[in-house]
């Protein structure tokens, strides 16, 4: 907050201490930031390479000029038209992100930018072609340099406030999770398609608004005003600012706007200078400006930490679990090419018990978890919960059904705090809409208070209390295992699928893990435990299923499995 306050104070004082030239530069930076503030959600938070976003600036700018000139619309209606056209363009640009990744999506955004420029050149009756169009005159008091400066700063401040609200909401956490741990985000119920559409509409609307302001700033627009260099400025401003930050890209945009004015003789080399600056940031400061501002990465951690779960907290956390009595796999077959990962498996997981799933590497244990969670698509058989079929491929619906899981390799967002990672598990219980989160309305504030309280409760329950404000990538490996369980508990699950949680843990930590899993089951949760530590399986499981080459080798109580000669030969040894 101190940084935002300092920038706001500087913006207020600038017209009184500097000449009109620097005020106009500051106005330009504010106009650019209106666009970049939305683009930052796409690139910095969601991790999508949207390079050609100058196209939506172009659409907004032309809409602002065309509506008054051709349809006799007044200025407020023209601004609204710019926002609307920008939002529609944002969806058009963003839809490929649902299927394309990385550089393929980047090329799609550049392709759209090229199309928009060619349309502006060719549609002379509407756009004026290469001659261009004049911008409509703004009403008083925004028709003066000072009035326009105040307008742009106010709009920029409002956009900063909205994007900061979104970044710290469940929508912001979901964006970052999709960027860094997409599989975990899906398992926690994050609907990527709906979220991306909301983000692109919002960012497109801001880019359209920025186009309207850009037109007024330029007074006259032509296709030549919307250069590739401008698109690079927007994109690089986010990158040098740093991922998952609002202040970093804001400072990056200001720096890139002011830099050409300071080094005016080098303006012809602007693209080259942008590339050098980006390379320097990548090599010397990979985290961007945000890394310099991130105090959580420098906070000293207590040495000799131990994980001590508080099992008394579990009953309150799991009070909202559903009523489904069991998960049943019947004759499930799942193949990858000619490899039968699961071959005719029957499995019953009941509420209130720990069911162990063991077997040699490659026997199909994790594939079984994936089939239950919707990540796998069985060619035969059925997976039901409480007698109702679970639709394959609908991974995000599993969290809503009350199925939570952890992963063989912890899937966490390293750059986020421990608390934010756990709060992600409560995404499906959020009530506030995207707009309510952007405006930080009552339901969003209530969501955040509730999720924060539950996340702190979950961290205390698994033994990580006091680490909520620490960056997750600074935790020990054993702590990440318990962190994933805390995140899963946020769902108040009916069933918890745990994939090799004891890997890398000390004997004392394994003992505490066993006590935690047993307590979760006693609270009424059905636990499916995949594990190679046989002692843990035999100590806490009520039933055990042994897989070998995708088939059931044996099933029964731990005592039955210990005495089974086939299991001894294939897995336990002896």
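Of note:
- Principal-axis tilt of helix 54-71 within the chain, Cα atoms, nearest 10 degrees: 50
- Against the chain, whose longest principal axis comes from its Cα atoms, helix 145-167 is set at around 0 degrees.
- D_trans [Stokes-Einstein, Kirkwood Rh over alpha-carbon pairs] for the range 311-572, 37 °C, 0.692 mPa s, µm² s⁻¹: 174
- The range 1-70: C-alpha gyration tensor shape, a/c 1.5 cut-off, then a/b vs b/c: oblate
- Remark: spin-label model distance residue 473-residue 283 equals 2.1 nm, labels positioned 7 Å along the Cα→Cβ axis.
- Rg/Rg_ref, the range 363-430, where Rg_ref = 2.2 N^0.38 Å and atoms are Cα: 1.27
- Helix 442-462 axis, angle to the chain major axis (alpha carbon atoms, nearest 10°): 40
- For the pair residue 1 and residue 222, a Förster radius of 56 Å applied to the C-beta separation gives a FRET efficiency near 0.85, rounded to the nearest 0.05.
- Label-reachable residues, the range 111-150, where backbone N falls under 19 Å from a point 7 Å from residue 229's Cα toward its Cβ: 114, 117
- Contour minus Cα-Cα distance for residue 107 and residue 397 (0.36 nm per residue): 101.2 nm
- Highest average packing first - 473-480, 526-533, 349-356, Cβ atoms within 10 Å: 526-533, 349-356, 473-480
- Translational diffusion of the chain, estimated by Stokes-Einstein from the Kirkwood radius over alpha carbon pairs at 20 °C in a medium of 1.002 mPa s, is 82 µm² per second.
- Its convex hull of Cα atoms gives the range 413-556 a direction-averaged projected area, equal to a quarter of the hull surface, of 10.3 nm².
- Three-way shape call for the range 282-404 based on the alpha-carbon gyration tensor, with the a/c threshold at 1.5: prolate
- Extension reserve of the residue 441-residue 8 stretch, reckoned as 0.36 nm per residue once the Cα distance is removed: 153.6 nm
- Inter-probe distance in nm under a simple model that places probes 7 Å from Cα toward Cβ, at residue 74 and residue 292: 4.6
- Rounded to 5, the percent of DSSP beta bridges in the chain classed as antiparallel: 60
- If you bin all the Cα-Cα distances of the range 192-246 at 5 Å, starting from zero, the percentages per bin are 4, 15, 15, 26, 21, 12, 6, 2.
- In this simple spin-label approximation, residue 565 and residue 100 carry label points 7 Å from Cα along the Cα→Cβ vector, and these lie 6.2 nm apart.
- Compared with the direct C-alpha span, the chain from residue 453 to residue 144 gains 106.3 nm at full extension, assuming 0.36 nm per residue.
- Rg and Dmax of the range 2-293, based on Cα coordinates, read 18.4, 55 Å.
- Cα centroid separation, the range 361-425 to the range 496-574 (Å): 19
- Computed over the range 136-186, Cα set: Rg, Dmax in Å: 18.0, 52
- Kirkwood hydrodynamic radius of the range 356-397, from inverse mean 1/r over distinct Cα pairs, in Å: 11.1
- Annotation for the range 118-168 versus the range 173-236: alpha-carbon center distance of 16 Å.
- Ordered by the number of other Cβ atoms lying within 10 Å of each residue's own Cβ, fewest first, 62, 53, 21 fall into the sequence 21, 62, 53.
- Cα gyration tensor, the range 98-170 - rounded (a/c under 1.5), prolate or oblate: oblate
Here, each number is a calculation from the coordinates, and none is a lab measurement. Note that the structure is a prediction, hence the values are computed from the model and not measured. Quick reminder, even Gly has a Cβ in these numbers, built from the backbone with ideal geometry, and neighbours come from all protein chains shown.
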